[in-house]
Amino acid sequence: MILINLKKNKNEKMPNAFGKYYAFPVINQTIGMDGLSEHMASHNTPFSAGAIKGMLTDLVSCIRELTLQGIAVKIDNLAIFSIGLKTKKGADSEEDFSVAKNIEGVRLRARATGNLTSNKLDIQASLKNASNLLAEDSGKTTPPSGPDSNGGGSGNNDQNKDNSQSGENKD
C-alpha cells in the first residue's frame with residue numbers, strides 16, 4: 001500500500017493550482033545496497049547477500065560506464081537508463097554554442113519499462129491517506145478519501161496523474 005499526504009499549494013504564482021490540495025507519497029524508509037542485497041537473498045536464492053551486493057555494485061558501475069559513453073541501458077521491468085543534459089540557455093547559432101556557456105550539467109535519466117510503467121503501477125497500487133491511518137490508530141473516525149470509499153484504488157484519475165501543478169518537488 002502506498003501512503004499519501006495531502007499538501008496545499010501555497011504558490012500564488014500558479015493561479016490554477018494555488019489553494020488546491022495535491023497528494024504526495026509518504027516515503028517511510030530508504031534501503032541501501034546492503035539492505036536490498038539482504039532482502040533479495042531472503043527470496044529463495046542460492047546467492048548470499050554478499051554475492052548479490054557484489055553483482056549489484058558491478059551493475060551500478062557498468063550502467064554508469066555505459067551511459068557516459070552514450071549507450072542507453074535497459075533492465076527489463078525496471079528502467080532504461082540514459083544520459084540527459086541540463087541546458088542553461090539556447091544558442092542563437094551553431095557558432096555561438098559552447099559547452100561552458102550553454103550546458104549546465106549531465107544528468108542520469110531513468111525511464112520506467114515493463115512492469116514499472118505508469119499504467120501497470122496504477123493497476124497494482126492501492127493508495128491510502130496517511131492521516132486517515134493515524135486517525136484510525138488513535139480511534140478517531142475521519143471521512144473516507146481517495147478514488148473509492150476506503151481510500152484505496154488505482155489512483156488512475158486525472159487528479160492524481162499530474163502533480164506538476166502543485167508547485168512542490170515530487171521527489
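Remarks
- Residue 2 vs. criteria of a type in the set (A, V, I, L, M, F, W, C) and under 22 Å from residue 131 (Cα atoms): yes
- Residue that is farthest from residue 5 (Cα to Cα) [pool: residues in segment 113-136 that are hydrophobic (A, V, I, L, M, F, W, C) and not in a loop (DSSP other than H, G, I, E, B)]: 116
- Leading residue by the ranking (least open to solvent (accessible area, probe 1.4 Å)) among those in segment 86-105 that are touching a helix residue (DSSP H, G or I) at 6+ places or on another chain (Cβ under 9 Å) and not hydroxyl-bearing (Ser, Thr, Tyr): 91
- Annotation: of all residues in segment 1-42 being of a type outside the set (Asp, Glu) and in contact with a Phe, Trp or Tyr (Cβ under 7 Å, 6 or more places away or on another chain), the one that is farthest from residue 121 (Cα to Cα) is 11.
The values are calculated or read from the model by the stated rules, or taken from the named source; none is laboratory data. Note that the structure is predicted; figures quoted are calculated from it, not measured. All Cβ positions, glycine included, derive from the backbone under ideal geometry; neighbour counts span all protein chains shown. Keep in mind that these areas ignore ligands, DNA and RNA; they rest on the heavy atoms of the full protein, side chains included. Shrake-Rupley method; radii C 1.70, N 1.55, O 1.52, S 1.80 Å.
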